[in-house]
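**Q** Shown below is the structure under consideration.
Read-outs: derived from the displayed coordinates by stated rules, not from any lab. Keep in mind that this is a model prediction, so the values were computed, not measured. A quick note on method: Cβ atoms are made from the backbone with ideal geometry, for glycine too, and the neighbour counts reach across all protein chains shown.
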Amino acid sequence: MKQRLLNILFWSVISAAFIGPGTVATAASAGAGFGYTLIWALIFSTAACYILQEASARITAVSGMNLGVAMRKEYGSSLPSKWVIGLALAAILSGCAAFEAGNILGAVAGLSLISGGIPVPVIVLTIGVIAALLLWKGTVQQIAKLLGGIVALMGICFLITALMIPHDLSAIFSDGMIPTIPTGSEILVLGLIGTTVVPYNIFLGSGLKHAQSSSEMKLSLGIAIGLGGLISIAILLTGTAITGDFTFEKLSSTLSNQLGGFSSFLLGIGLFGAGLSSTLTAALAASITAKSLLSNKTNAQAWADNGLRFRSVWISVLGIGLLFGMMELQPVPVIILAQALNGIILPVIAVILFLLMNNNRVLPGQHQNGTVLNLLTGIVVWLTILIGLTNLLRALSRITEFDIPDQTVITVISVIIFLIVIVPVLKKSVGVRSEQNQ
């Protein structure tokens with residue numbers, strides 16, 4: 001039982017990665033603007049996250065290759081594949097660096113809700129020093145377990161806060177569990193899914209070394225991600241305490257008036273935990289991604305956890321976040337670039353992962369996706385195309401100021417792209433299975 005709890009704690013690094021200040025703001029905004037009606041989107045996004053994370057971790061557990069190594073082995077020889085690998089690296093590193101400032105400022109916002117008298121630069125510098133020391137002194141496994149503890153504390157704070165607010169249980173099940181998209185919530189629904197399913201998390205989960213069996217990994221990962229989804233739902237329920245436009249200050253004030261100052265304290269601790277954990281995971285994920293895509297036998301030492309190249313990546317990501325955090329600015333141009341690049345690379349990574357899960361050179365037949373899992377993965381792949389296309393168009397719109405097409409048009413385009421991509425994948429999958437059965 002103790003080992004099981006440690007395994008769950010270890011995989012909670014994935015929850016720590018996707019529950020950041022952005023997720024807190026998005027989920028709370030969903031509760032504030034639409035009540036319980038978007039709970040289903042969080043349940044769905046949690047399931048989608050598990051499908052991709054389990055596939056990525058299964059490759060490592062069965063083959064001994066992380067996702068980056070498997071990509072290079074199968075697709076790294078051709079020029080287009082090298083471009084894809086380079087694009088993946090650029091997208092993930094720029095994304096981690098761009099959003100690191102938001103993670104740090106989210107942690108600052110959490111502490112400010114508790115005590116507003118400390119200057120922001122002092123808090124930012126303190127968070128940076130703590131994060132740097134943890135990343136420098138700790139191993140990846142130690143940091144993963146520490147993050148699990150932070151997620152547990154964060155989860156307790158948000159769960160207690162959500163439970164303190166009166167709720168209509170029948171409305172939660174009648175309104176929240178049936179998929180509906182109220183008018184005006186389309187982008188918010190994609191945001192709830194997009195903040196949970198992100199490219200660097202897929203590499204992060206694949207790059208974590210462990211001694212767990214495949215079955216133990218699946219169970220522990222499922223529980224850890226499920227608890228992360230429960231925390232996200234608790235954040236949404238907390239957001240229902242307010243109406244109209246959401247801000248952390250407005251939510252804190254509302255909770256204090258309704259439930260007392262203790263609820264505001266819990267909100268501040270939870271938000272600080274979300275910011276600090278995402279600050280660590282963004283920097284760590286950037287290094288793990290770079291290591292998986294760039295390391296080889298000749299430079300293995302430099303890419304070790306305490307190696308120069310590994311450390312230089314997370315130092316750069318953390319440094320950029322601290323720079324913008326000290327100035328109390330969001331690096332908007334870099335965020336736009338990150339959104340555009342991630343809009344391209346997320347569906348590409350999802351499709352490559354889909355291919356690898358049906359490739360007998362990577363996984364033996366008994367460990368490959370079955371029909372049902374392929375169907376579920378296909379749905380998730382289509383969602384990544386929809387989210388990626390939407391984010392890409394939004395980013396381009398902010399640069400060129402052209403009008404974004406209606407979401408219905410974007411959805412139709414994403415279906416067409418999905419069919420163009422997925423038909424060859426399915427044909428190849430059927431062909432491989434036919435060969436195996438002969």
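**Q** Between Arg309 and Ser215, what is the spin-label point distance in nm, taking each point 7 Å from the Cα along the Cα→C-beta axis?
**A** Between Arg309 and Ser215, the simple spin-label model gives 3.8 nm.
**Q** Helix 261-294 against the longest principal axis of the chain: what's the angle in degrees, Cα atoms only, rounded to the nearest 10?
**A** Once rounded, the angle reads 20 degrees.
**Q** Something else: Mind listing which trypsin sites (Lys or Arg not before Pro) in the range 198-250 are in a DSSP loop and have 15 or fewer other Cβ atoms within 10 Å?
**A** Here the trypsin sites (Lys or Arg not before Pro) that fit, given the DSSP loop and packing criteria, are Lys209.
**Q** Continuing with the same structure: Between Phe44, Phe203, Phe99, where does the largest GNM mean-square fluctuation fall for the chain, given springs only between Cα atoms within less than 10 Å?
**A** Phe44
**Q** Identify, among Val317, Gly388, Ile118, the residue whose Cα sits farthest towards the positive end of the charge dipole of the range 2-437, taking +1 on the Cβ of Lys and Arg and -1 on the Cβ of Asp and Glu, with the dipole about the Cα centre.
**A** Checking the options against the dipole of the range 2-437, the answer is Val317.
**Q** Can you give me the C-alpha center-to-center distance between the range 399-415 and the range 55-107, rounded to a whole angstrom?
**A** Result: 27 Å between the Cα centres.
**Q** Pull up all non-local amide H partners of Thr180: gap of 5 or more, or a different chain, and H-to-H distance under 5 Å with H placed in the peptide plane.
**A** Amide H neighbours of Thr180, under 5 Å, 5+ apart: none.
**Q** Can you give the charge dipole size of the chain about its Cα centre, rounded to the nearest 20 debye, using +1 on the beta carbon of Lys and Arg and -1 on the beta carbon of Asp and Glu?
**A** So the dipole magnitude of the chain works out to roughly 1620 debye.
**Q** Here's another thing I want to ask about it. Could you work out the local net charge near Ser215, counting Lys and Arg as +1, Asp and Glu as -1, over the other residues with Cβ closer than 13 Å to its Cβ?
**A** Net charge around Ser215: +1.
**Q** Moving on to the next point. Using each residue's phi in the range 41-52, evaluate 6.51 cos²θ - 1.76 cosθ + 1.60 at θ = phi - 60° and report the 3J(HN,Hα) Karplus result to the nearest Hz, with x for Gly and Pro.
**A** 5, 5, 4, 5, 5, 5, 5, 5, 4, 5, 4, 6
**Q** My understanding is that a pair violates if its Cα-Cα distance is over 22 Å; which of Lys2/Lys209; Lys145/Lys297; Lys137/Lys218; Lys2/Lys137; Lys82/Lys209; Lys82/Lys218 do that in this structure?
**A** Correct reply: Lys145/Lys297; Lys137/Lys218; Lys2/Lys137; Lys82/Lys209; Lys82/Lys218.
**Q** Quick check: net charge around Ala41, other residues with Cβ under 14 Å of its Cβ, Lys/Arg +1 and Asp/Glu -1?
**A** Counting the neighbours of Ala41, the net charge comes to -2.
**Q** Looking only at Ala70, Ala302, Ala286, which one moves most when the chain is put into a Gaussian network model with springs between Cα atoms under 10 Å?
**A** In this elastic network of the chain, the residue with the biggest mean-square fluctuation among Ala70, Ala302, Ala286 is Ala302.
**Q** Measure nothing but the geometry: give the 0 to 90° angle between the long axis through the Cα atoms of 21-34 and the longest principal axis through the Cα atoms of the chain, rounded to 10°.
**A** The two axes meet at around 70 degrees.
**Q** Oh, and also: So which residue, out of Ser263, Ser78, Ser29, gets the largest mean-square fluctuation from a GNM of the chain using Cα contacts under 10 Å as springs?
**A** In this elastic network of the chain, the residue with the biggest mean-square fluctuation among Ser263, Ser78, Ser29 is Ser78.
**Q** Using a cut-off of 11 Å between beta-carbons, work out the net charge of the residues near Leu293 (Lys and Arg +1, Asp and Glu -1, Leu293 not included).
**A** +3
**Q** Only one of the values (1) 48; (2) 53; (3) 78 was calculated from this structure for percent of Cα pairs over 28 Å apart; name its label.
**A** Looking at percent of Cα pairs over 28 Å apart for this model, the match is (1).
**Q** Using only Cα atoms, find the angle between the long axis of helix 2-18 and the longest principal axis of the chain, and express it within 0 to 90 degrees, rounded to the nearest 10.
**A** 80 degrees
**Q** Helix-only estimate, please: 222 nm mean residue ellipticity of the chain, summing -39500 (n - 2.57) across DSSP H runs of length 4 or more and dividing by its residues, to the nearest 500.
**A** Theoretical 222 nm ellipticity from helices: -27500 deg cm²/dmol.
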